[in-house]
1. Tell me which of Ala48, Ile13, Asn73 sits at the most positive position along the dipole axis of segment 1-136, charges placed on C-beta atoms (Lys, Arg +1; Asp, Glu -1).
2. Picking from Ser102, Ser242, Ser185, which is most flexible by a Gaussian network model of the chain using Cα springs under 10 Å?
3. Checking the table Lys55/Lys84; Lys84/Lys117; Lys139/Lys233 against a 28 Å threshold on Cα-Cα, which pairs fail?
4. Of Ile133, Ile47, Ile113, which is the most mobile in a GNM of the chain whose springs link Cα atoms less than 10 angstrom apart?
5. Return the Rg/Rh ratio of the chain with Cα-based radii and a Kirkwood Rh.
6. How much FRET efficiency would the formula 1/(1 + (r/R0)^6) give for Ala104 and Ala201, where r is the Cβ-Cβ distance and R0 is 35 Å, rounded to 0.05?
7. Excluding residues fewer than 8 places away in the same chain, name every one of the lysines whose C-alpha is closer than 19 Å to that of Lys77.
8. Can you sort Asp118, Asp166 from fewest to most other Cβ atoms within 10 Å of each residue's own Cβ?
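Computed from the coordinates by the stated procedures, all read-outs in this text should not be read as laboratory data. Keep in mind the model is a prediction, meaning the values are calculated, not measured. Cβ placement follows ideal geometry from the backbone for every residue including glycine, while neighbour counts extend to all protein chains displayed.
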Amino acid sequence: MASTEGSGSRSSINFARRIVIKVGTSTITYENGRMNHGNIDKLCRAIADLMNRGKEVLLVTSGAIGVGIGCLNLSEKPTETREKQAIAAVGQCELMNAYTRSFAEYSYVCGQILLTKDDLLDRLTRSNITNTIEALLEKRIVPVINENDSVSTTEIMHNGTFGDNDTLSAQVACLINADLLVILSDIDGLYTGNPREDANAHRISYVEEITDEMLGFSSGAGSKLGTGGMYTKVTAMQKVTSNGINGVIAEGSEPQVLEKILDQEDIGTFFAAR
């Protein structure tokens, strides 16, 4: 239910030290699959500024297949699994090149971690992932995490087992005991309906508890190149808030969106930790 802000208010964001930021395909690419370098650079600049403040930041990124489509000048996403895997391999290289260049402009280094669902289910592998992330954070390196679409057919055949990295970002946030999960989308928060279809739909600023009703009006598909919709974002928030982690869903292309979130402005939808 939506409610008046109480003890789990936006002001608690000010104390968040370890932050997971998830960015969707629609934020970092155009509809033709070409990279939106302006948005990528703004994202990296904002993350660098958070790091300068003393925050620890992890970036969970979608976009490997979308960027691959743009690099190869394809008119649409292919349907065959083997083609999707090949395109993801191309797109992931281009994506990491873009992040590496942008972070370097602000004197930071990033490191790539590619995961599958099975990686997080295996106790030993999960421990190794945690150790790697902790080592990167200790060295002030930004972990850039994505699904391993080029080798895992399960992810591609099910349009993203993690739910276009929304669920992955929640699992990572819980794994490394984050204080805040920020999901950047192509819509500026959770609405009472689909704002593209319902003129009376309004943004919900604050959520104390996620209800079945909210899950109902958050259903729907994602962008043409992405696979996740608002439903996967809300279920991701359901997971992190139940583990004591605050969350925010906001529009990724909003100017200075991360700065506004960290400054506790009324932007997007805030989900209070339970």
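1. Ile13
2. For the chain, modelled as a Gaussian network with Cα springs under 10 Å, the answer is Ser242.
3. Lys55/Lys84; Lys139/Lys233
4. Between Ile133, Ile47, Ile113, it is Ile113 that shows the largest mean-square fluctuation.
5. We get a ratio of 0.94 for the chain.
6. The value I calculate is 0.25.
7. Lys224
8. Final ranking by Cβ density, sparse to dense: Asp118, Asp166.
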